[in-house]
Amino acid sequence: MPLNTSFLAVLLAVLFTALLARAASADPRANYLLHCGGCHLENGEGTLPEVPDLRHDLDWLAQTAEGRSYLTRVPGASQVPLSDEKLAEVFNWIFDTFYPPESVIPPFSGEEISHTRGLPLWDPLSARDALSRARYQTPQLSAEFTK
Ligand code: HEC
């Protein structure tokens, strides 16, 4: 029976490795660490001023359609070799992990990301500035500007 025993051991080892690989690729934290953490660091703090801190100031962006579109279109996110579903999971993991439970952030879905991710964003920093300025514009001011 020694042959059968070693065959069984090899089979178990192969199955175990396959299971581990699946678990790793299915885990949004692992995907964050692999694809985002190199720049934004493990705890999301980034390296200011070049790489933004993901732990603050994204929640209000995730509450408007324009802000959500921007988040999924920054080059680091839009060009990552992950499916729309996996990228949505990474964003949901970021908000679940770095933001307090009381921040109300509608979860991202692969379907949503599939509509925004491919739209070009030539100048992320200007887009971010425009969103920040629009955030504090009163409705009266906006009406003035759009005349
Ligand atoms: C090569 C470094 C790098 C990688 C990898 C990277 N990013 Fe970024 N990220 C940046 C830089 C730099 C910016 C600032 C905007 C710009 O210049 O693209 C940024 C901006 C962002 C922003 C906007 C932050 C804000 O405050 O406006 C988000 C959200 C973001 N990244 C998410 C991600 C996610 C999610 C991943 C992984 C899927 C990722 N990034 C991977 C470097 C990176």
Q: Would you grab the residues whose amide H sits under 5 Å from the one on Ser109? Only those 5+ places off in sequence or on another chain, please, with H modelled 1.01 Å from N.
A: none
Q: Quick one: net charge around Leu41, please, counting Lys, Arg +1 and Asp, Glu -1 for every other residue with C-beta under 14 Å from its C-beta.
A: -2
Q: Could you rank the peptides 116-127, 80-91, 31-42 by their average count of other C-beta atoms within 10 Å per residue, with the highest value first?
A: 80-91, 31-42, 116-127
(Q) Given Cβ point charges of +1 (Lys, Arg) and -1 (Asp, Glu) and nothing else, what value in debye, to the nearest 20, does the dipole of region 33-147 about its Cα centre take? (A) 360
Q.
Taking θ = phi - 60°, what integer Hz values does the Karplus form 6.51 cos²θ - 1.76 cosθ + 1.60 yield along region 31-43, in sequence order, with x for Gly and Pro?
A. 5, 4, 4, 6, 9, 10, x, x, 9, 7, 6, 4, 8
Q | Zero-based 10 Å bins, Cα pair distances in region 27-145, whole percents | A | 13, 45, 34, 8, 1
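Coordinate-derived values only; no laboratory data. All values derive from a computational prediction rather than experimental measurement. Positions of Cβ are backbone-derived with ideal geometry, glycine not excepted, and every protein chain shown enters the neighbour counts.
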